[in-house]
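So the structure is just underneath, and the comments pick up after that.
The values are calculated or read from the model by the stated rules, or taken from the named source; none is laboratory data. A quick note: this is a predicted structure, and the numbers were derived from the prediction, not measured. Using ideal geometry, Cβ is built from the backbone for each residue, glycine included, and neighbour counts are taken over all protein chains shown.
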Amino acid sequence: MAKLIKYVKEGLNIERKLAKVLIKTGQIEVNNKVILDPAVNLKKEDKISYLGELIDYREYEYLALYKKEGYVSSRNDEKAPSLLNLINDARLKKRLKLVGRLDTDTSGLIFLTDDGDFIHKVTSPKKDIEKVYYVELENKITEEDIEKLKQGVLIRERNTEYLTKPAKCKMLTEKSILLGIAEGRHHQVKKMMRAVGNEVTLLKRESIGPVTLGGLNPGEYRNLTEDEVKYFKNN
Ligand code: URA
């Protein structure tokens, strides 16, 4: 956990100098006791307050965002607006990084965080985190295609080719499916559909591991719960 001075600085969104003054003049309490040492190391369960009010500070931020179509998964918004424009807190917007990517024309669930370890745990192919996509298709899909997608299809690229890992695949209508994959190569879903002679017309990520879009509307976001964060961190 952080030192008291960092907690007060970040939690109250103030300059370090001012945080030091608040601590040294006895205005900050740790577990209802005035603590005058800015360098004291905090424990996870410590309750820090200023003028009797708890300071809400998390060492790291973890958001689940419902990306709208038309937003680009990068900070740079030359070609389309960055999805960071959907975050309306300037401090958060500055510190958050994207956990993986969605294509500009794809909507759905994406995480944002400033915890590098969390990014690794969610995106590493070794961690086998399943992502489920709702996919609408140009042409009718057959049971045979579904079987191929489940077992793995061959993706051919300019200099390389690879077999996709076993996937979960469920037909919803003759032109829509749910696809669950535990890898996330560039444009993977679109390439998998091309490998069975089809074309994606609409793509939406429904879930990442146990986290679903739930009650979020397009453009909305929420904090991940402690249990959700733990699921990925302990994986
Ligand atoms: N697969 C794709 O093809 N595009 C995405 O945005 C995500 C997965």
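Pairs linking a residue in the stretch 1-12 that is under 19 Å from Asp89 (Cβ atoms) to a residue that is surrounded by 17 or more Cβ atoms within 10 Å (Cβ to Cβ) and polar (S, T, N, Q), with Cβ atoms under 9 Å and 6 or more positions apart or on different chains, do not occur. Out of curiosity, is Leu154 of a type in the set (A, V, I, L, M, F, W, C) and within 23 Å of Gly70 (Cβ to Cβ)? It is false that Leu154 is of a type in the set (A, V, I, L, M, F, W, C) and within 23 Å of Gly70 (Cβ to Cβ). Look at the stretch 41-56: where a residue is assigned by TED's automatic domain parsing to the domain that holds Ile23 and a partner is surrounded by fewer than 10 Cβ atoms within 10 Å (Cβ to Cβ), sitting 6+ places away or on another chain with Cβ atoms under 9 Å, you get Lys47/Asn32; Ser49/Asn32.
Note on the stretch 119-193: enclosed strands (runs of 3 or more DSSP E) holding 1 or more residues that are of a type in the set (D, E, K, R) are 131-137, 154-156, 161-163, 168-173. Residues of the stretch 106-128 that are more than 16 Å from Pro210 (Cβ to Cβ), within 16 Å of the ligand (Cβ to nearest atom) and at pLDDT 95 or above: Thr106, Ser107, Leu112.
Table: residues versus (1) small (Gly, Ala, Ser); (2) at pLDDT below 95; (3) part of a loop (DSSP other than H, G, I, E, B); (4) in contact with a Ser or Thr (Cβ under 8 Å, 6 or more places away or on another chain).
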position: Leu36; (1), (2), (3), (4): no, no, yes, no
position: Glu45; (1), (2), (3), (4): no, yes, yes, no
position: Arg58; (1), (2), (3), (4): no, yes, yes, no
position: Lys79; (1), (2), (3), (4): no, yes, yes, yes
position: Lys93; (1), (2), (3), (4): no, yes, no, no
position: Thr104; (1), (2), (3), (4): no, no, yes, yes
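Cβ-Cβ distances below 9 Å connect the following pairs, each with a first residue in the stretch 180-207 that is without any contact (Cβ under 8 Å) to a residue 24 or more places away in the chain, a second residue that is near the ligand (Cβ under 8 Å from one of its atoms) and part of a strand (DSSP E or B), and a separation of six or more residues or different chains: Arg194/Val200. Any residue at all in the stretch 55-66 that is surrounded by fewer than 16 Cβ atoms within 10 Å (Cβ to Cβ) and within 16 Å of the ligand (Cβ to nearest atom)? Scanning the stretch 55-66 turns up no residue that is surrounded by fewer than 16 Cβ atoms within 10 Å (Cβ to Cβ) and within 16 Å of the ligand (Cβ to nearest atom). So which of Lys168, Lys191, Lys175 ends up being within 11 Å of the ligand (Cβ to nearest atom), in contact with a strand residue (DSSP E or B) (Cβ under 6 Å, 6 or more places away or on another chain) and of a type outside the set (Gly, Ala, Ser)? Answer to the check: Lys191.
Rundown of residues vs (1) surrounded by fewer than 15 Cβ atoms within 10 Å (Cβ to Cβ); (2) on the phi < 0 side of the Ramachandran plot; (3) of a type in the set (Lys, Arg), yes/no style:
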| position | (1), (2), (3) |
| --- | --- |
| Leu154 | yes, yes, no |
| Glu157 | yes, yes, no |
| Lys175 | no, yes, yes |
| Leu179 | no, yes, no |
| Gly197 | yes, no, no |
